[in-house]
Structures are given as structure tokens and as C-alpha cells.
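Trainee: Okay, here's the structure, questions in a sec.
The values are calculated or read from the model by the stated rules, or taken from the named source; none is laboratory data. Note that the structure is predicted; figures quoted are calculated from it, not measured. Every residue, glycine among them, receives a Cβ derived from its backbone with ideal geometry; neighbour counts consider all protein chains shown. Accessible surface areas use protein heavy atoms only, side chains included; no ligands, DNA or RNA. Shrake-Rupley method; radii C 1.70, N 1.55, O 1.52, S 1.80 Å.
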Amino acid sequence: MIELIISAAVLASMYGLVAIGISFTWASIGMLNLAQGFIFTAGGYAAYLYAQTMTNLGITEGPVMSIGLLISGMAGSAIAGLFVGSIAFLPLQDRANFRTRGLIATLAISLIGTQLWLIFFGPQSKPLPPIFGTGRIEIGSGGVSYSQLGAIVIATLMLTAVIMWMRSSRAGLQMRAMMMNPLGAAVVGVSVRVTGMRVLAISGALTGLASVMLAQTFFVSPTSGVQPLTVGLIISLAGGLGSIPGTVIAAAIVGLAEALTARYLAQSLVPFVLFGIVVLILVFRPRGLGGLLEDVRE
Amino acid sequence: MSKTSSSPQSKHLIGRRAWRPAWPARPDRVLRRRRYFGSKRSVLKLSGQFNPKTLKREVVLTDKKPLFWLFGLFLLVAIPTAVGSERFLSLFGIICIYAAINVMWTLIMGTAGLQSFATLATVGVGSYGAAYLSITFGLPWPLMLLVGLVLGIAMGFLISLPARRLDGLYYALLTLGLSEFCRNFVTQNEALGGKFNGALFGAGRIVPSDMLTTRLGQTLAFLTTFVALLVALGVFRWINGGRIGLLLKAASTSKEDESFASAIGIDWQRARMIVFMVASGVLGALGAFYSTYIGGTSLQIFSLDLLLLMLAMIVIGGLGRAEGAVIGTVIVVGITQWFTDWGPWRIVLAGALALLSVLYTRNGLFGLKEQMREIRTRRQALHRAAQTTKYAEYLPQQAPDIHDKSLIAGRTFERELREKLRGWITPEIIEEHRRSPLGQHSDHLERILNYFRKAPIPDKYAVYTEVPFQSYRVVALSGLPGVPPRIVDDKTYGSLDEAYHAVFMRRINDLKAS
Amino acid sequence: MSILKLTGISAGYGPVRVLHDLDLSVEPGERLGLVGLNGHGKTTLLSTIVGLTGWQDGSIVFEGKEIGGRRTHGVGRKTPGIVRSGIALAPQGDAIFPGLSVKDNLDSGAYTSASWRSRKRRRDSVINVFPPLGKLLKQTAGTLSGGERRMVSVGRALMSDSKLYLVDEPSLGLAPKISMGLVAALCEIDIGEGAMIIAEQNLPLLEGRVDRMLGMHAGEIKLDVGEALGDVPPSAGGMH
Amino acid sequence: MTLLSCTDITLELGGRRILEGVSLDVSKAEVVGLAGPNGAGKTSLFEVLSGRQLNHGGDVLLNGTSIRKLPMRKRVELGLVRSYQRPIVPATLTVAETLKAARKAYKPYPARLTVEWAAEFVRMRTPLDAPTALLETLERRKLMLACLLLRDPQIVLLDEPASGLTGSEIDEIDLVVRKLSQEYGVAVLLIEHRLELLAMVASKVLVLDVGHIIAEGPPETVFTSPEVRAAYFDVPINADLEGNLVIS
């Protein structure tokens, strides 16, 4: 039972990180970032390169390795986010039909990106060294491994920090303002371009964090971004694009559903269950669980 | 004014001024027109115009598209048939099938305005359904096509259900997941070839498989794909150019358009659904056709990469246009199927092309012409704005569009005249007019008055006698029959001369302001 | 030296040219009324100053710094920079943030770090000007009535330490009673060495309250206000 | 004879009461004015009457039968049409195509000559091949009116038809409204801020404030009633020479 909850929580926190990135990007700059899968893999490969370099220098574990892995993954994804932004956001931002164009541009980037990883890193999966060690804490009948615990704790900390920062700081207020009314934001001195790039970097960093931690179990491969992207999309849809509480709840539901299905039915049924859940939610709430923002934006 | 009641408000009341019908002798109307047999659509769009220089009527071909289409389709069928190598024929066969699918997708995304990514899912369902039935029950190919059509319509119905409730983007993402869902379904299902990684073999073919080794058979197979493309284009033209297409064009670009459409009674949601179902039916049939073409089907049809590539095709050609879908397909399929030895780089190239067209063109290749024209007009406009006075009465941006240059000349003359007259307005002239509004005047004043006299009637000032010899007021004529002049201010004048002078002063003010 | 100097300004949207070669200068400490009928370019003039028009040409010198120039695309791209240099705009309609609370809406107006630090004091002084906002601080701005929204929008512009305040149609769509109050409050604010431009269609609202009135007619500045209004009483709209 | 009537309309949006107990009757060939400060619920009442907003309390009757549940386009087919406050026209069509779309919106299609009649009726002065997106406000409104009128409606709801227009342009719209009611017997329900326009054309005026009707009757009595002045026109009223009302 505990193992079930733990694995649900791990999945929920990982997917939640990706989904919040997607949701956040959509809400503030109106661009649906379908290159999030590419950004995800970029973080994984950055961490892999870091691990390679460190191993060559003779360091295979310890805090330098762990923290370095996390930071390099986040940095890699943030840079990839900025890259996506400079291609798909900056040139298109004040053009007609930005939403559709942005969607297509990010799709094209993800198409190209996958092939580029294939060219440079080959089709094999790359493992990462463990970040949190290999130990395990026994609780009652079940137990929780360090990596699971670490993933949950770090994801929660990061999310809380980002949300707190959004709530209280001036930059956060500016981002929220831009979500509501881009013209009004421009009038109060918020630069859409600067803030947009900032948002892309932050959501990239969150995705990179998820990437490094998921790579502990699933490794890094050119197509490893597809699954998180799909699930992230499903969660941000079900949660209502742009709503942080909605996304968190949806992440919890989806994580639980995936863990339950994988345990009691079959791993292969997971996509069906997830798809069913999102269809159900959207049938009853066409704007997702917390999606009031769409109304507000228009 | 209901239709049934014999209401007295019918349009043909006695005493109502008859509205004027347009006479056929207008130069911009073309009298003779060839039409497609059995329809009201004309073959070539001709238009008449009046040439102000030669004073002659000219008939010009306004729309050269049908000619380009004819030429392009001829090339598409002639090149592979003439070359006749197997690789060429199969390449063009694939191009035709993909182009047909893309044309239908364009119908959904462009005409219906539904951002649906479930195209390949529909094709796949048609393909798998037809192939499965053909393998299991030995269905002949015409029945396979029928099955595909039915499955496609059913699929279209199912997918269109959430479209009524969901917002554009949510709908797009939901349908994006659908082909992934279908792929999973097929891999889980043993009957559908889950064991062979989703591949089905041995479905019925249009061209018997023993003929396919000969050049004739290969050419025939290619020709069937070409016919499929023609059918798709025909459906596209039938819907997009017809009533439904027009209604949807009035409704589908924005929320405001939707409000307008419902205000004039257009049931755009129903129209959208009809288009969606028709397109889905054709897509299903195309799927079944694909099965008959390759004699089976495979999982590749549901892959996300293929969907992205097809999106790239549409984007490169230009969203919402049939010609864009076809040309985009030729380019992308040409790259990815012909240069197979480039490995992943050809996908990168296709993606880069799509990215470039999103970044730098307004609407793909076929939007380029319009875009170039706009850039040119803007440059011309800026150039003309520099030489200010010549086009002064028109916005410099308008000037290139005005066909009759004599209008520009006339307006320019008017402006120069006004400038000259404005220079003549002095206190002495005004004083002269105040002393004697009527009678002999100095030359300058007379010319100014002449200019005022020939002013157009709407908003022209006039004197209104309230009480003869006692009170007069200044009014402005409306210029419309039935609309009384409006009183300009609340001043009354004791004598006619004073009123004349007041009118003169108003006109002087207007002249100064213009 | 004048605080704002426009020379040869033309601006418009797409093929439409709204402003024709106009000149204007605003002196420090001045409250300027800009009067004209709908569609004659008042809003466009204010938008031009902060760079929100489709295209524009001509020089805009604000406190000795050039912020205008020729621009044919990138609507609003320069706006944040211009706004930060000390021009506050309360735009026509309600460009408020409907999902944020009134407090956050006001705070968002304090966009320089100095004004952000003193935002509490500034908020209080805005509430002094518009007392009804005091009770509404926690409420979501989207649920406010038209008049309250306008107060938030104007109040937000007052939160910054700007040199030049641009207020666009404070009376638009408001009942006369409310717009009177709003304009009266605007005209009592201490602007010190700064300046304020109020664009307004309703002439009597501004009469006697502002230092100088200019008329706008067909995209040009007219000194004679009556002429700009086409000699028609402002609210009569020509119906006699 | 009552053509359109609504009884006891209540409407709540997002927890706010927009309309409360609004009732009104419009007879054939009558021009009824609807005035009131912004946010009083005038446009919301139109949304209810035209069927864009179906979640409301109360009943709407057209010719004595309830149309409460009918969506907008069904009401259009019954002869109840409306215009919008913003001068909206399709973004991608030309004038001729817009008129054609209106003609072919549903069966039976009116004759093509009807379109020319409607365009003539509203005095459209635009070339038929001009893109609608480039039209000016007056022409946009006229195009919308032409599209509405070519189906011979029984009642037209006009939402601030004069907003964004200037003197002589308002005259034109005013003329169309008069001709509609006086010559063709079409009932008109008119939202208007400018009271002098209402005073000129309307036979009855209703004043809304915060979702309630606070006054109803002929314009002269309504505009001078102290209640209305207290709630809405808290500014001096002076009558000009013709006895028309000018708020200054």
C-alpha cells in the first residue's frame, strides 16, 4: 500500500513539474510549448554529459556529482527553453495567429530535435549515476528508496519555491499580470519579450529537474521526452491550462491512476486509463479542473 | 413581417419609390459565361472592366488558378507515367495518397476551422478495419472502400462530439492524443496483428498482385492513387466553394465572426459538423484505399512522426489551401522518400522547412505572392508619402489601388485650389463681404464665392427663413432625400444679409480647416 | 524646457492613417485637456506617445530624450521601456487584470524598484484619491463595476513615480455622476513638476478644471476647441 | 398588439445579479428605447431576448408563444434579429460574399434581388467587392443591418446603433430606424446612450438601473422624472429651442 502511494507520489511530482511548465508557458505567453519533450531530453543529455566529464575526472559519486547532476540538468533544459523561445517565441510574438504559429513552430522543433539527438547521441539509452544513493527506508510492510524520497522532496520544494516566488515578488506579479492582459501589462512596464523568455527558462528548469530524476529509472534516449510530454499535456489539459492548483490536483490524480493501473491491471493499459480520465474530466469541465483563466484571458 | 400573413408591409407598396436595378450594360459585368454542366459554377472567372484611357471595355481573366491546376495535375500524372520506373511510380503513388489525406485535413482545419489532429487516426481506423475484414472475410476492394467510408463517418461522428463543448486548443490536444491511443490499441490487439508489430498482410487489391510486377500494373496502381487525389480535390472544391464553405467562411475565423454568423441565422455548428463528417468519411475511404494499394496496412500510419511530417507538409504549402496541401506534400514526401540515404537529416530538413515557413512566410508558399505584394505596396506607399502633395487627398497607401488616375489628379487640383484660396482670405475680404454679401465684388472674393457655390450638396450650408424679414437661421443640408436639413447653431439673424454673411463665415472657417 | 515635445507625428494602424503631421508640446506642471469627437485621434495620440500604434513616424522628445522615431511594426515592443522612463498611461477601456485582486492591480502599477518598495504608501494615497477602492482591496478586479474598474485603472497609473500622466477618456461609458467625480479627483491630484494629459470627448467635464485645452479634429490639433467639436454641443451628437 | 414581450427576466452571471424582474412589451411598428448607465444590464437584456444567453429566469414571448428555450438562430428564423454594439462583420469576406452568406443562411433563400433591395434600403455606399475588414464603422453597421433586413424581420433589436458615429452618420441610421417602423411596420427595440436620439424616434422609453426598470413611459415624462434624474442624470438638464433634450 505504502509503495503504491509512494510510486504514485513520485509519478505525480515528476509529471507535475513538466505539466506546470507547459501550463505556465501557455498562460503567460499564450504559446503551447510542444517542444517540452525536446527540452526534457536536453536536460537529460546535459546531465549525462556532466556525468561523463566527472567520471573522466574520477568522481563517480558524492555531493559534487549529485548536485552537479541536478544543476546541469536544470541548466541544460533552461538553455533549451531559451533556445525554443528565441526560435518560436521572439520572432513570432507580435505576428498574427501567434497561437497557431507557435504551436506549429514548437512541433517542428520537437520533430527536428528528436532527429538531432539521434544523430549526435545515437539511439541507445544513456544511464545516469544515482543522485540520492541506493539505500532504502523500510516503513511497515513496504519501503521507500532514497531516490523516490529525494524525487518527492526536491520536486515539492522546487514547486513550492516557484509558487511562493510567483505570489510575492514583483517579477511574479508581472508574470501573473501578463497572463491576464498583455496590453495592460505593457502599459505598466512589463516587457512581454523579457518576461516571456524568463518564463520559458523557468519552466525549462522545472522540466530539466524532472528529466534528471526520471532518468534515474528510465534513462535518457532521443525519444524519452515523448512520454513526459504526452502525460504533461494530459495533466495540464485536465487541470485547466494556466491554473496551478488545478494542475497540481490533476497531477495527483494522474499519478495515482497510473500507479494503480500498473499495479492492478497492466502497464500496457496505462495510456488508455489516462486518456479515459482526461476525456471524462473534459466532458464534465470543458476548461479543465481549474480552468477559469481562459475566460479571463479573452 | 411573417411570410404567411398577408402583411401590408410587403416591399411592393404603392407609392414606394422603386429601387433601381443594375443595368447589364455596366462594364464590370460579364454577360456570357460558361458553366460546368449541371451546376451554376463558372469554368473560368472572367470580369469586365472599363479602361479609362482607351474608353473601351476589356474582358480579363481574373482567376488563372484553374489553368495552373490543370497544368500541375497534368505534370503530376504525366511525369511518373512517362518515366515509368517502379521507384518513381511508387513515390508518386505515395505523394498522391498523402496529398489526398492532406487536402481533406485542410478541409477540416481550414474550411471547418476545427483544429483536429485526428486525421491519421481516422485514416488508420479505415485502413485497419478494411484490411481486417478483407483478410478475414475476403472482402473485395469496392466493399473495402465502402467499409472505410462508413468507418470514417462513424469515427468523424465520435470525434466531433467533444468539438461542440471543447475550446479550440483543448480539442487540438485531445485529438493529438488519439492516434497514440489507436496505436496502443492495435499493439494490444492480437487480431489486428499485434503479434507482427501491427502489420496486416493479404488484403484485397484493386490492381491484382500478379500484375504489379509489370510496368502496366505499376502504372495502373499509380493511376488509382491519382484518381483518389482527384476525388479528394473534388470533394474539397464541392464543399469549400459551395454554400457550406461560404457560411463557414463567414463564421470561422474568430468569436466575433461567430457572433455575426449566429445573428444572421447561420447554423455554423451544424455546417462545421457536416464538413467534418464528410471529410472524415473520405479520410476513412482513403485509409481503406491505402490498404488496397499496399495490400495490407501497418502501424506506421498511427505514428506521431508521420503526423508531424504531414503537418509540416500543410504548413509549408500554406494552411487552408488545397494547392498548398498538394505542393507541400510533393516537397516533403519528395525529400523524405527519395533521399533515403540521408538518414535522419532528411527529417531535420523537412522540419526546418516547416519552421522556416512558419517563421518567415505569412501562409506558406502560396501566401508568398500576397506577402510580396503587400511588402511592395507598403514600400510604394512610403515612397509616395515622401512626395507629399501629389496624392494628398488620398492616403498614400490608397493611391496605388486607385485605377482611375484622373480621380487623383482631380483631388490634387482641388487641394491646390483650396490652398490658393486660403491665401486670399484677409480681413479686408471678409469686411467687403460683410458690407455687401450680394452684388459686385473684387476678383479674389468673387473667386472664393464661386468655389463655395460649387460645393457638394451634403452638408452644404443654407439659410432658413423662420419668419420672413425678421429671423433667419443657418442650416446644413443633409443631401439625402427625406432627411430635413439640420440646424447648425442656435443663433438667429435679423436680416438676410447677416445670415448670408454668417454662412460665408462658416464656409471660410471650413476652408481654413480643410 | 517642455516636458514632452511632439514634432511631425503621423501614426495609424495598417493602411489607415489617423494622425497627420501634428505638433504638440507640454510644459512642466501643466494639466492639458484634449477634446475631440470619437475617431478623431485622441486615443491614437496617447498611444503614439507610448508606442502602441500600428506604425508611427516623427519625433517625440520626453525630458530631452528621443522616444519616438519611425516604426512600422512591433506594436508595443518599446512600450515598457517608454513607460519605465516615466510616462504612465491609463488606457481607454479597462486594461486591468481581471483575475488579480484590486490590491495586486494597484501594486502592478509600481513597476520601478523604488516605487515597489514604497507601494504601501502609494496605495494609501491612491485610496485617498478614490476612497471607494479602500473597501475593495481584496476583491477580484474582474467582478468590479465599470466605474470601479476605471478607478483601478487610473489609480494604477498613479502608483508609479511618473513625470507624465496620460488619461484616456476617463468618462467613457460611465454615468455622468461617476465620471464627474472621477475627473474632479484627477484634476485635484498634485502632479508637481510633472504634467497630465486628459483626453475627453465630453467638453464640459474638463472646462475650467484644466490649464489648457486643445481640440483634435481629423487627426490634427486645433487650438479652437469649438471647431474640433464641429460646432455641435458635445453630447448632442448632431441630432436636432 | 403585442409582438415581443418578456416577463420577469432574471439573470445571474458569475454570482452577480445582472437583471432582476425585468418585463417589457413591444408592439408592432413601435420603437421602444432602452436607456440606462453602463452596467445597468441593457446589453444583457438583449442577450436574453436574442437567445445568446439561455440560462435565465422568466419567459420570453414572441407573438404570444414562448421562445424561451429557442437558440439564437431559431429566433432569427422567427423574425427576431439583433445587432451588436461593436460593428462586427466577417473578417475574411467581401461585401458581396457577406450578403450572399446572409441570403443563403437557411432555407428558403430569398431572391437575389432582395439583397439589392436591402442594400438600397440601408443606403449602402460601398463597392460590392470591397473586403469587409476595411469598411468604416457606418458602412459596417449598414452591412449588418442589410444582412438582418433581407429576411423581413418582425422585430429588430439594435444595440447602440449610433455609437462611434458622428452627426450626419447618425442621421442616416436614424432614418433607417424610422423607415423600418413607419413604412414597414417593423418593431424596433433600441439601446441608446444619447437621449436626444431616443427622444426623437422612440414612442416609449425604459430606463434600466442595476438590473431594474426604474422608469417607463413616453420620453418626455421619463427624462424629466426626478427618480431617473437622481439615479442617472445627476447633471443639469437644459432644453434647447426645439424642446429637445440636451444633456450638457
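Trainee: Among the listed residues A:VAL248, A:VAL254, identify the single one that is of a type outside the set (Gly, Ala, Ser) and open to solvent by 10 Å² or more (accessible area, probe 1.4 Å). I'd like the intermediate steps shown before the answer.
Mentor: Details: A:VAL254 fails: open to solvent by 10 Å² or more (accessible area, probe 1.4 Å).
Just one listed residue meets the conditions, A:VAL248.
Trainee: Still on this structure: If a residue must be of a type in the set (Ser, Thr, Tyr) and either in contact with a Cys (Cβ under 6 Å, 6 or more places away or on another chain) or within 18 Å of A:MET158 (Cα to Cα) (or both), how many such residues does the stretch A:15-73 contain?
Mentor: The first filter runs over the stretch A:15-73 and keeps only residues of a type in the set (Ser, Thr, Tyr), leaving A:15, A:23, A:25, A:28, A:41, A:45, A:48, A:50, A:53, A:55, A:60, A:66, A:72.
Keeping just the survivors that are either in contact with a Cys (Cβ under 6 Å, 6 or more places away or on another chain) or within 18 Å of A:MET158 (Cα to Cα) (or both) gives A:15, A:23, A:25, A:66, A:72.
Residues in the stretch A:15-73 being of a type in the set (Ser, Thr, Tyr) and either in contact with a Cys (Cβ under 6 Å, 6 or more places away or on another chain) or within 18 Å of A:MET158 (Cα to Cα) (or both): 5 in total.
Trainee: Restricting the search to the stretch A:75-92, which residues are open to solvent by less than 40 Å² (accessible area, probe 1.4 Å), away from chain B (no Cβ under 14 Å) and out of contact with any Phe, Trp or Tyr (no Cβ under 9 Å at 6 or more places or on another chain)?
Mentor: Matches in the stretch A:75-92: A:ALA78, A:GLY81.
Trainee: Conditions: (1) outside any helix (DSSP H, G or I); (2) within 23 Å of D:HIS193 (Cβ to Cβ); (3) open to solvent by less than 70 Å² (accessible area, probe 1.4 Å). D:LEU3 meets all but one. Number of the miss?
Mentor: Against the list (1) outside any helix (DSSP H, G or I); (2) within 23 Å of D:HIS193 (Cβ to Cβ); (3) open to solvent by less than 70 Å² (accessible area, probe 1.4 Å), D:LEU3 comes up short only on (2).
Trainee: For the stretch A:170-180, give me each residue that is modelled with pLDDT of 80 or more and either under 23 Å from C:SER85 (Cβ atoms) or aliphatic (A, V, I, L, M) (or both).
Mentor: Answer for the stretch A:170-180, where residues must be modelled with pLDDT of 80 or more and either under 23 Å from C:SER85 (Cβ atoms) or aliphatic (A, V, I, L, M) (or both): A:ARG170, A:ALA171, A:LEU173, A:GLN174, A:MET175, A:ALA177, A:MET178.
Trainee: Taking only pairs six or more apart or across chains, which ones have beta-carbon atoms under 6 Å, a first residue in the stretch B:196-217 that is free of Cβ contacts under 8 Å to residues at least 60 places away in the same chain, and a second residue that is part of a loop (DSSP other than H, G, I, E, B)?
Mentor: That search, which allows pairs on different chains as well, returns B:GLY217/B:VAL207.
Trainee: Please find, among C:SER162, C:SER101, C:SER118, C:SER125, the residue that is small (Gly, Ala, Ser) and touching a Lys or Arg at 6+ places or on another chain (Cβ under 7 Å).
Mentor: On the way: C:SER162 fails: touching a Lys or Arg at 6+ places or on another chain (Cβ under 7 Å); C:SER118 fails: touching a Lys or Arg at 6+ places or on another chain (Cβ under 7 Å); C:SER125 fails: touching a Lys or Arg at 6+ places or on another chain (Cβ under 7 Å).
That would be C:SER101, the only listed residue that is small (Gly, Ala, Ser) and touching a Lys or Arg at 6+ places or on another chain (Cβ under 7 Å).
Trainee: So which residues in the stretch D:199-213 are buried (at least 18 other Cβ atoms within 10 Å of the Cβ), touching a residue at least 60 places away in the same chain (Cβ under 8 Å) and in contact with an Asp or Glu (Cβ under 9 Å, 6 or more places away or on another chain)?
Mentor: Correct list: D:VAL201, D:ALA202, D:LYS204, D:VAL205, D:LEU206, D:VAL207, D:GLY211.
Yes or no, residue by residue, for (1) assigned to a strand (DSSP E or B); (2) surrounded by 15 or more Cβ atoms within 10 Å (Cβ to Cβ); (3) within 12 Å of chain C (Cβ to nearest Cβ):
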position	(1), (2), (3)
B:VAL474	yes, yes, yes
B:LEU480	no, no, no
B:ASP490	no, no, yes
B:GLU498	no, yes, no
B:PHE504	no, yes, no
B:ARG507	no, yes, no
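Trainee: Taking A:ARG95, is it in contact with a Lys or Arg (Cβ under 8 Å, 6 or more places away or on another chain), more than 14 Å from chain C (Cβ to nearest Cβ), outside any strand (DSSP E or B) and under 20 Å from B:ALA312 (Cα atoms)?
Mentor: Numbers: in contact with a Lys or Arg (Cβ under 8 Å, 6 or more places away or on another chain): yes; more than 14 Å from chain C (Cβ to nearest Cβ): no; outside any strand (DSSP E or B): yes; under 20 Å from B:ALA312 (Cα atoms): yes.
Criteria not met by A:ARG95.
Trainee: Right, next: Out of B:ARG411, B:ARG379, B:ARG373, which single residue is open to solvent by 80 Å² or more (accessible area, probe 1.4 Å), touching an Asp or Glu at 6+ places or on another chain (Cβ under 6 Å) and either in a helix (DSSP H, G or I) or modelled with pLDDT under 80 (or both)? Spell out the reasoning first.
Mentor: On the way: B:ARG379 fails: touching an Asp or Glu at 6+ places or on another chain (Cβ under 6 Å); B:ARG373 fails: touching an Asp or Glu at 6+ places or on another chain (Cβ under 6 Å).
Going through B:ARG411, B:ARG379, B:ARG373 in turn, just one is open to solvent by 80 Å² or more (accessible area, probe 1.4 Å), touching an Asp or Glu at 6+ places or on another chain (Cβ under 6 Å) and either in a helix (DSSP H, G or I) or modelled with pLDDT under 80 (or both): B:ARG411.
Trainee: Quick check on B:VAL463: is it of a type in the set (A, V, I, L, M), open to solvent by less than 80 Å² (accessible area, probe 1.4 Å) and either within 14 Å of chain C (Cβ to nearest Cβ) or not in a strand (DSSP E or B) (or both)?
Mentor: Against the criterion (of a type in the set (A, V, I, L, M), open to solvent by less than 80 Å² (accessible area, probe 1.4 Å) and either within 14 Å of chain C (Cβ to nearest Cβ) or not in a strand (DSSP E or B) (or both)), B:VAL463 does not qualify.
Trainee: Look at B:VAL207 and say whether it is at pLDDT 90 or above and either over 29 Å from the mean Cα position of the chain (by Cα) or over 16 Å from B:GLY284 (Cβ atoms) (or both). Steps first, please.
Mentor: Details: at pLDDT 90 or above: no; either over 29 Å from the mean Cα position of the chain (by Cα) or over 16 Å from B:GLY284 (Cβ atoms) (or both): yes.
Taking the combined requirement at face value, the residue does not satisfy it.
Trainee: Another question, if that's okay. Of (1) in contact with a Ser or Thr (Cβ under 8 Å, 6 or more places away or on another chain); (2) modelled with pLDDT under 80; (3) crowded, with 22+ Cβ neighbours inside 10 Å, C:GLU169 satisfies all except one. Which?
Mentor: (2)
Trainee: Now for a different question. So, in the stretch B:264-303, of the ones that are surrounded by fewer than 24 Cβ atoms within 10 Å (Cβ to Cβ), within 14 Å of another protein chain (Cβ to nearest Cβ) and free of Cβ contacts under 8 Å to residues at least 24 places away in the same chain, which residue ends up nearest to B:ARG183 (Cα to Cα)?
Mentor: B:ARG270
Trainee: Okay, moving on. Which of the strands (runs of 3 or more DSSP E) contained wholly in the stretch C:1-108 include at least 3 residues that are crowded, with 22+ Cβ neighbours inside 10 Å and within 15 Å of the chain's Cα centre (by Cα)? Walk me through it before giving the result.
Mentor: Numbers: elements: C:4-13, C:16-26, C:31-35, C:55-62, C:87-90.
So the answer is C:31-35, C:87-90.
The rows are residues; the columns are (1) over 18 Å from C:TYR165 (Cα atoms); (2) away from every other protein chain (no Cβ under 14 Å); (3) free of Cβ contacts under 8 Å to residues at least 40 places away in the same chain.
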residue: C:SER101; (1), (2), (3): yes, no, no
residue: C:ASN105; (1), (2), (3): no, no, no
residue: C:ALA110; (1), (2), (3): no, no, no
residue: C:SER115; (1), (2), (3): no, no, no
residue: C:ARG121; (1), (2), (3): yes, yes, yes
residue: C:ASP124; (1), (2), (3): yes, yes, yes
residue: C:VAL129; (1), (2), (3): no, yes, no
residue: C:LEU133; (1), (2), (3): yes, yes, yes
residue: C:LEU137; (1), (2), (3): yes, yes, yes
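Trainee: Only one of D:LEU180, D:LEU189, D:LEU135 is within 14 Å of chain C (Cβ to nearest Cβ), open to solvent by less than 40 Å² (accessible area, probe 1.4 Å) and either in contact with a helix residue (DSSP H, G or I) (Cβ under 8 Å, 6 or more places away or on another chain) or under 24 Å from D:PHE46 (Cα atoms) (or both); which?
Mentor: D:LEU135
Trainee: Let me ask you something else. Yes or no: the stretch D:89-107 includes at least one residue that is touching a strand residue (DSSP E or B) at 6+ places or on another chain (Cβ under 8 Å) and of a type in the set (D, E, K, R).
Mentor: no
Trainee: For the stretch A:122-148, give me each residue that is out of contact with any Lys or Arg (no Cβ under 9 Å at 6 or more places or on another chain) and open to solvent by 70 Å² or more (accessible area, probe 1.4 Å).
Mentor: Answer for the stretch A:122-148, where residues must be out of contact with any Lys or Arg (no Cβ under 9 Å at 6 or more places or on another chain) and open to solvent by 70 Å² or more (accessible area, probe 1.4 Å): A:PRO123, A:GLN124, A:PRO127, A:THR134, A:ARG136, A:GLU138, A:ILE139, A:GLY140, A:SER141.
Trainee: Related question: What number goes with the only condition from (1) open to solvent by less than 30 Å² (accessible area, probe 1.4 Å); (2) over 17 Å from B:ASN240 (Cβ atoms); (3) away from every other protein chain (no Cβ under 14 Å) that B:LEU311 does not pass?
Mentor: Condition (3) is where B:LEU311 drops out.
Trainee: Something else about it: Quick one: is A:THR60 hydroxyl-bearing (Ser, Thr, Tyr), over 14 Å from the mean Cα position of the chain (by Cα) and either at pLDDT 90 or above or open to solvent by 30 Å² or more (accessible area, probe 1.4 Å) (or both)? Outline the logic, then answer.
Mentor: Numbers: hydroxyl-bearing (Ser, Thr, Tyr): yes; over 14 Å from the mean Cα position of the chain (by Cα): yes; either at pLDDT 90 or above or open to solvent by 30 Å² or more (accessible area, probe 1.4 Å) (or both): yes.
In short, yes.
Here is a yes/no grid of residues against (1) surrounded by fewer than 23 Cβ atoms within 10 Å (Cβ to Cβ); (2) facing chain C (nearest Cβ under 8 Å); (3) touching a Cys at 6+ places or on another chain (Cβ under 9 Å):
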| residue | (1), (2), (3) |
| --- | --- |
| A:MET158 | yes, no, no |
| A:LEU183 | yes, yes, no |
| A:VAL187 | no, yes, no |
| A:SER191 | yes, yes, no |
| A:ALA201 | yes, no, no |
| A:MET213 | no, no, no |
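Trainee: Pairs, please: C-beta under 6 Å, at least 6 apart or cross-chain, first residue at positive phi and in the stretch A:223-249, second of a type in the set (S, T, N, Q) and open to solvent by less than 10 Å² (accessible area, probe 1.4 Å)?
Mentor: These pairs meet every condition: A:GLY242/A:SER23.
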